[in-house]
Amino acid sequence: MGRASAAPLPTAWSKPIAGWMKVNVDAGVLGEIGSGAEIVMRDSDGAVAACATWQVQEKWETRIAKAKEVVWGLKLAHEPEVRNVILESDCLTVINALRTSSPGSSSFDLMVEDIFDLCRNFDNVKWSFVKRSGNPIAHNLAHFQPWEFGRRMWVDDIPNDILDVASSDIAI
């Protein structure tokens, strides 16, 4: 009998099908500086519809930062015309928690419940894991300068640095 092997994990960004938006998220803790979350929403043509970055002085546990990015990503996607969302993260811990939806009472479990509550705003939500190499646009946004505390969001006037990464992402 042969050995079973798992399907390889995606390493590149892929376009969503027509009628869906893909929301890529990334978050991290920056040593003593604080924590940040980055969100990029793209349509089925790969065009950036919106992006946002949040930097705070709090130093979150990594999985909490990654769960917060999902909350903020769904909030960014909550627009009247967005009904179908693929939320993509490089954090397998969060994606697996969303796929299995096991109840719990930790701060992380409560954030997962908040995420499920936000999902009621959409007709369909799918969870997708991609390796960090497949999420360069959100990762690039994580290093967007100037790094400053607060929230920044772009809908109509997407920064050229982000558009450049998005263009090269589609060509992959």
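All of the numbers you see were taken from the coordinates with simple rules; none came from a lab. The structure presented is a predicted model; accordingly, all values stated were derived computationally and were not measured. Every residue, glycine as well, gets a Cβ built from its backbone with ideal geometry; the counts of neighbours run over all protein chains shown.
Under a point spin-label approximation (7 Å from Cα along Cα-to-Cβ), what is the ARG120-HIS78 distance to one decimal in nm?
So the two model labels end up 1.1 nm from each other.
Fully extended, how many nm does the chain gain between ILE158 and PHE108 (0.36 nm per residue separation, minus their Cα-Cα distance)?
Taking ILE158 through PHE108 to full extension adds about 14.8 nm, to one decimal.
Tell me whether the stretch 21-171 comes out rounded, prolate or oblate; compute the Cα gyration tensor, take square roots of the eigenvalues as a ≥ b ≥ c, and use a/c under 1.5 as the rounded threshold.
Here the stretch 21-171 falls in the oblate category.
Helix-derived [θ] at 222 nm for the chain: sum -39500 (n - 2.57) over DSSP H runs of at least 4, divide by residue count, nearest 500?
Taking each H run of at least 4 residues, the total per residue is -10000 deg cm²/dmol.
Where the only charges are on Cβ atoms (+1 Lys, Arg; -1 Asp, Glu), what is the dipole of the chain about its Cα centre, to the nearest 20 debye?
620 debye
For a quick protection proxy, order the peptides 102-111, 158-167, 47-56, 79-88 by their average other-Cβ count within 10 Å, most packed first.
With the highest mean Cβ count within 10 Å placed first, the list reads 47-56, 79-88, 158-167, 102-111.
What are the extents of the Cα atoms of the stretch 79-119 along their three principal axes, in Å, largest first?
That works out to 34, 21, 14 Å along the principal axes.
For each of LYS68, LYS131, count neighbouring Cβ atoms within 10 Å of the residue's Cβ, then give the residues from fewest to most.
Fewest to most other Cβ atoms nearby, the residues stand as LYS131, LYS68.
Take the alpha carbon atoms of the stretch 94-110, find their center, do the same for the stretch 14-51, and report the distance between the two centers in whole angstrom.
If you average the Cα positions of each part, the centres end up 21 Å apart.
Neighbouring Cβ atoms within 10 Å as the yardstick, rank ARG120, ARG42 fewest first.
ARG120, ARG42
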